[in-house]
Amino acid sequence: MLSFQEQCWAGAQIEEPLADAVRTALSSAIANHAPPVPEFADTESRLAYLRWQVAMSDRLKKKKPDFNTRQEFLQTVWYESKRAGLDVSLVLGLIQVESNFRKFVVSHAGARGYMQVMPFWTRVIGDGDAGKLFHMQTNLRFGCVILRHYLDRENGNLFLALGRYNGSRGKAAYPDAVLGAQRAWQF
């Protein structure tokens, strides 16, 4: 069931030509189907993760009341964020702004899922099946890989990368909304 009830921020992100090397790297990044199981170098890192998960679970309870669903979601967000080299609070802030933590939302521009990924990305770097964007891990993986791509393309400039992600590059409303939402998810 698709939900159109609440406003989504997903803009009219445009498909841009990608160099073959970039397309290959992005395709490789989304193709690894490793399960989102966190690995830790030491006990202290694992304990820090568990403390983070408890704190975020409490904050997310109203949006995702089922404990197991909430834990799976947080574990996957943490895994995909770390895998892409992104701050987890940034990704949670982006998800809050983009979909308000709704899995099946579709924007007026056609972006789908938690991170409001445009369907053209499945053709450009995936297998072309845009329906997979409603699968939690697939959506989070695509969204994190795409945001990392835009950060790299904008030389680490988060404001421009967020604008590019949303299709509103150079305008402050979207980056300001994501950065504001990010504060609620910092640990």
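Local charge sum around F67 (other residues, Cβ-Cβ under 15 Å, Lys/Arg +1, Asp/Glu -1)? Display every interim value, and only then the final one.
Details: positive: R59, K61, K62, K63, K64, R70; negative: D58, D66, E72.
Counting the neighbours of F67, the net charge comes to +3.
For every helix of n ≥ 4 consecutive DSSP H residues, a contribution of -39,500 (n - 2.57) applies; sum these over the chain, divide by its total residues, and give [θ] at 222 nm rounded to the nearest 500 deg cm²/dmol. Provide the component values of the computation, followed by the final result.
Values: 8 runs with 104 residues, N = 187.
Result for the chain: -17500 deg cm²/dmol, rounded to the nearest 500.
Put simply, the amide H of V105, placed in the peptide plane, has neighbours under 5 Å in S3, G113, leaving out anything fewer than 5 places away on its chain. Taking a ≥ b ≥ c as the square roots of the Cα gyration tensor eigenvalues, the chain comes out rounded, since a/c falls below 1.5. Exposed loop sites were defined as GluC sites (Glu not before Pro) in DSSP loop states (anything but H, G, I, E or B) carrying at most 12 other C-beta atoms within 10 Å; in the chain the longest segment without such a site runs 40-187. Extension gain for the segment F104 to D127, taken as residue separation times 0.36 nm less the Cα-Cα distance, is 6.3 nm to one decimal. Under 5 Å from the amide H of V117 lie the amide H atoms of R112, each residue being 5 or more positions distant or on a separate chain, with H modelled from the backbone and absent for Pro and chain starts. Between L47 and K63, the modelled label-to-label distance comes to 2.9 nm, taking each label 7 Å out from Cα in the direction of the beta carbon.
Probing with 1.4 Å while keeping every protein chain in the model, the per residue accessible area of the chain equals 50 Å².
What percentage of the solvent-accessible surface of the chain, computed with a 1.4 Å probe over protein heavy atoms, is contributed by carbon and sulfur atoms? If you can, show how the numbers build up before the last one.
Numbers: 5030 of 9300 Å².
Answer for the chain is 54 percent, counting heavy atoms of protein chains only.
Put H149, H135, H108 in order of accessible area, highest first, and with a 1.4 Å probe you get H108, H135, H149. Which entries in the list K64/K132; K132/K171; K82/K103; K63/K132; K61/K132 go over 24 Å, if you measure between the two C-alpha atoms of each? As for pairs spanning more than 24 Å Cα to Cα, those are K132/K171; K61/K132. Can you bin the stretch 44-101 into rounded, prolate or oblate? Criterion: square roots of the alpha carbon gyration tensor eigenvalues sorted a ≥ b ≥ c, rounded for a/c under 1.5, prolate for a/b above b/c, oblate for the rest. Oblate, because a/c is 1.5 or more while a/b does not exceed b/c.
The values are calculated or read from the model by the stated rules, or taken from the named source; none is laboratory data. Note that this is a predicted model, so its numbers are computed, not measured. Here Cβ is always computed from backbone atoms with ideal geometry, including for glycine, and neighbour counts include all displayed protein chains. For accessibility, only protein heavy atoms count, side chains too; no ligands or nucleic acids. Shrake-Rupley method; radii C 1.70, N 1.55, O 1.52, S 1.80 Å.
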